[in-house]
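*Asks:* Quick one: the structure is below, and I'll ask about it shortly.
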Amino acid sequence: MAVTPACAQFARLDRYPALQPELEAAFADKVGQHFTNVVKSASGQYFGQMSADSNMYGYGTFYTDQDGEIYGLFRRGFIMGIRKNNTMALVGTMDHYIAYDLKTGEALYIMLGGEKYLVDAENKAQWAFLRITYANGDAYVGEVTAGRPNGWGVYYYADGNYYLGRYQAGKTVGRGATFTQDNRIILHNWDETEQ
C-alpha cells in the first residue's frame, strides 16, 4: 500500500466524515427507546444500547482483548467513533479514519478508501489525541486542537460515569451519551437543549 501526502490529491482531506445533523438526529431518535445491556462474549464485553433482536444498536462501548476499547455508534457492528489499543487511536469510521500515536498524541495518517495519506505539517501541528486531567479528578481522552477538546472524545467523571461525544472548541456539540455506573445510558442533544 502506497502512502501519499494528504495534500497531494486533495485540497483538504477530512479526518473522517462529518455527521450530518439530520442523520445524527434520525439515528438518535431511532435508538432513543433501545434498551441498555451489558453483554459478555468470547470476543469481549459490550456495554451499550441494543435492538429488540439483541444486536448492538446505538451508543456503546466494546472492550476486547483483540481490538482494545471501542467507543461509538453501533448498528450491528461499529459505525463511527474511537477505536484504541495501547499504542494507537483510530477515530472515524471503519474505512475513513485518522490514526494517532498514543505515546506522542501526534496525528500519523488518514485512511480513506483503502489508501493511507500522511497528515500534512499544518494539520499535524493542530490535531492531536491527548489525555487532559482536571483538578476535580475528571479527565478527557480524545481529539484536541489548541489544547481544547475538538472532535471525538470521552470525558471521564471522577464518580466513574463517562460521556461519549463530539466537541468543538472545548464544548460538547451534537448528540452524545453518558454511560453511568448503574448501567444506564442517558442521551443528550447539546445543539438544542443543553450547554
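*Asks:* Looking at (1) farther than 19 Å from E69 by Cα; (2) surrounded by 20 or more Cβ atoms within 10 Å (Cβ to Cβ); (3) out of contact with any helix residue (DSSP H, G or I) (no Cβ under 8 Å at 6 or more places or on another chain), which is the only condition R175 fails?
*Replies:* Of (1) farther than 19 Å from E69 by Cα; (2) surrounded by 20 or more Cβ atoms within 10 Å (Cβ to Cβ); (3) out of contact with any helix residue (DSSP H, G or I) (no Cβ under 8 Å at 6 or more places or on another chain), only one is false for R175: (3).
*Asks:* If you check every pair at least six apart or on different chains, which have Cβ atoms under 6 Å apart with a residue in the stretch 87-110 that is without any contact (Cβ under 8 Å) to a residue 60 or more places away in the chain first and a residue that is crowded, with 17+ Cβ neighbours inside 10 Å and charged (D, E, K, R) second?
*Replies:* The qualifying pairs are L90/R83.
*Asks:* Would you be able to tell me the number of residues in the stretch 141-172 that are surrounded by fewer than 17 Cβ atoms within 10 Å (Cβ to Cβ), farther than 18 Å from N189 by Cα and of a type in the set (A, V, I, L, M)?
*Replies:* Qualifying residue count, the stretch 141-172: 2.
*Asks:* At pLDDT 95 or above, over 30 Å from V39 (Cβ atoms) and of a type outside the set (V, I, T) - does that describe any residue in the stretch 149-163?
*Replies:* Checked the stretch 149-163: at least one residue is at pLDDT 95 or above, over 30 Å from V39 (Cβ atoms) and of a type outside the set (V, I, T).
*Asks:* Filter the strands (runs of 3 or more DSSP E) completely within the stretch 125-195 down to those with at least 2 residues that are of a type outside the set (D, E) and in contact with a His (Cβ under 9 Å, 6 or more places away or on another chain).
*Replies:* So the answer is 162-168, 171-179.
*Asks:* For a quick check of your reading: which strands (runs of 3 or more DSSP E) sit entirely within the stretch 1-97 and have at least 3 residues that are surrounded by fewer than 16 Cβ atoms within 10 Å (Cβ to Cβ) and at pLDDT 80 or above?
*Replies:* Output list reads 35-41.
*Asks:* Out of the stretch 11-47, which residues are of a type in the set (A, V, I, L, M) and touching a strand residue (DSSP E or B) at 6+ places or on another chain (Cβ under 6 Å)?
*Replies:* L13, A28, V31, V38, V39
*Asks:* Moving on to the next point. Can you find a residue that is among the small types (G, A, S), within 17 Å of G92 (Cα to Cα), touching a helix residue (DSSP H, G or I) at 6+ places or on another chain (Cβ under 8 Å) and touching a residue at least 24 places away in the same chain (Cβ under 8 Å) anywhere in the stretch 134-150?
*Replies:* No, the stretch 134-150 contains no residue that is among the small types (G, A, S), within 17 Å of G92 (Cα to Cα), touching a helix residue (DSSP H, G or I) at 6+ places or on another chain (Cβ under 8 Å) and touching a residue at least 24 places away in the same chain (Cβ under 8 Å).
*Asks:* Within the stretch 184-191, identify whether any single residue is at pLDDT below 95, more than 27 Å from Y46 (Cβ to Cβ) and of a type in the set (A, V, I, L, M), and answer yes or no.
*Replies:* no
The values are calculated or read from the model by the stated rules, or taken from the named source; none is laboratory data. Source: prediction; values computed, not measured. Positions of Cβ are generated from backbone atoms using ideal geometry, with glycine treated the same way; all protein chains shown enter the neighbour counts.
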